[in-house]
1. Residues to consider are 209, 232; find the one that is at pLDDT 80 or above and out of contact with any helix residue (DSSP H, G or I) (no Cβ under 9 Å at 6 or more places or on another chain).
2. Given (1) at pLDDT 90 or above; (2) surrounded by 12 or more Cβ atoms within 10 Å (Cβ to Cβ), where does residue 142 come up short, assuming only one miss?
3. Would you be able to say whether some residue in region 82-91 is in contact with a helix residue (DSSP H, G or I) (Cβ under 8 Å, 6 or more places away or on another chain), small (Gly, Ala, Ser) and under 28 Å from residue 137 (Cα atoms)?
4. Looking only at region 118-146, count how many residues are in contact with an Asp or Glu (Cβ under 7 Å, 6 or more places away or on another chain) and in contact (Cβ under 8 Å) with a residue 60 or more places away in the chain.
5. Which ones in region 52-105 are exposed (fewer than 15 other Cβ atoms within 10 Å of the Cβ), at negative phi and not in a helix (DSSP H, G or I)?
6. Is one or more of the residues making up region 73-80 closer than 30 Å to residue 122 by Cα, in contact with a Lys or Arg (Cβ under 9 Å, 6 or more places away or on another chain), at pLDDT 90 or above and among the aliphatic types (A, V, I, L, M)?
7. Please go through region 39-81 and give me each residue that is basic (Lys, Arg), free of Cβ contacts under 8 Å to residues at least 24 places away in the same chain and more than 24 Å from residue 141 (Cβ to Cβ), ordered by number.
8. Only one of 108, 115, 167, 153 is among the charged types (D, E, K, R), surrounded by 12 or more Cβ atoms within 10 Å (Cβ to Cβ) and without any contact (Cβ under 8 Å) to a residue 40 or more places away in the chain; which?
Amino acid sequence: MGLGRAISNWFKSLMALFTGKVDGAREGLDTNPTVIKAKYDEIIREKMKSIHQYKKAVAALVAQEEKKVQTVKRLSSEVQKLEALKAGAASKAKAVVAKLKGEGQSMDQIKANADYRRCLSAFNDFNSSLSEKQSHIEELEADVGEYVKSISDHKVQLKGLMRSIEDLKSESSEAVAEILTAKEEKEISDLISGISVEAHNEELQRLREIRGKAKAEARISKEVAGTTAAQEEAEFLEYARQSEASDEFDALIGLSESEAPAGEDFLGDDRLPE
């Protein structure tokens, strides 16, 4: 049971280490100016794709609008023709009525006349077609009005989207510039504070230790030299004292080079030789 828990903890530690390294690497990439610019470029490309699709949709609306406008133009031309035909049928019917009246025919006879009935039928047909086409034109003109308003709104939206693309391009340049500036400022700050010059700090510490060691050795050498000189002086003084005492002793016992005066008992003279 304990071994299994230990193995499990070991794997968890490995995963935590791996995750930490991945997170650290990702953070490093996220702050890389080249990566940031690439991300902005990718966002701009995706937005441009959406804008192109939007443009196609608006272009389809424009095509529909144009198609309806052309239909209105064609129907308007047909209406003008029907108006002329209608007026022509009425004019011919009027001429037929005038002729028949001149012949003395009654109103019933006139209305039963084939020419009159043909003109009346044509007039009614032209009038009916004219009403239908005018109604269709009105519907189309209403549709065109809606298309115009919708297309105008979409164009405003497209202009706003295109401005957002330009803003993103500017933002991308600013972001890259800010990241580079921040990195440079951090490097300068690190240099000033010594955070990024650990190797130099170690070298300085080593040089200071060498300097301290040299100073210590010099101080010890000086102290040793001073001690040796004092010892030599003490030795010399001791030799001098011993030499003086020996000379005095030799003089007392008559072994000095200058002998004592005759008739003087050196043992009876308490004075020391000068």
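1. From the options 209, 232, the qualifying one is 209.
2. (2)
3. Going through region 82-91, the residues in contact with a helix residue (DSSP H, G or I) (Cβ under 8 Å, 6 or more places away or on another chain) turn out to be 82-83, 85-86, 89-90.
Now restrict to residues that are small (Gly, Ala, Ser): 89-90.
Those left that are additionally under 28 Å from residue 137 (Cα atoms): 89-90.
Within region 82-91, one or more residues are in contact with a helix residue (DSSP H, G or I) (Cβ under 8 Å, 6 or more places away or on another chain), small (Gly, Ala, Ser) and under 28 Å from residue 137 (Cα atoms).
4. Quick first cut of region 118-146, residues in contact with an Asp or Glu (Cβ under 7 Å, 6 or more places away or on another chain) only: 130, 133, 144.
Next, from what is left, pick out any that are in contact (Cβ under 8 Å) with a residue 60 or more places away in the chain: 144.
Looking only at that region, the number is 1.
5. Passing the criteria: only 103.
6. There is at least one residue in region 73-80 that is closer than 30 Å to residue 122 by Cα, in contact with a Lys or Arg (Cβ under 9 Å, 6 or more places away or on another chain), at pLDDT 90 or above and among the aliphatic types (A, V, I, L, M).
7. Scanning region 39-81 gives 39, 45, 49, 56.
8. Details: 108 fails: surrounded by 12 or more Cβ atoms within 10 Å (Cβ to Cβ); 167 fails: surrounded by 12 or more Cβ atoms within 10 Å (Cβ to Cβ); 153 fails: surrounded by 12 or more Cβ atoms within 10 Å (Cβ to Cβ).
Criteria check complete, one pass: 115.
The values are calculated or read from the model by the stated rules, or taken from the named source; none is laboratory data. A quick note: this is a predicted structure, and the numbers were derived from the prediction, not measured. Counting neighbours? That spans all protein chains shown, and the Cβs are built from the backbone with ideal geometry, glycine included.
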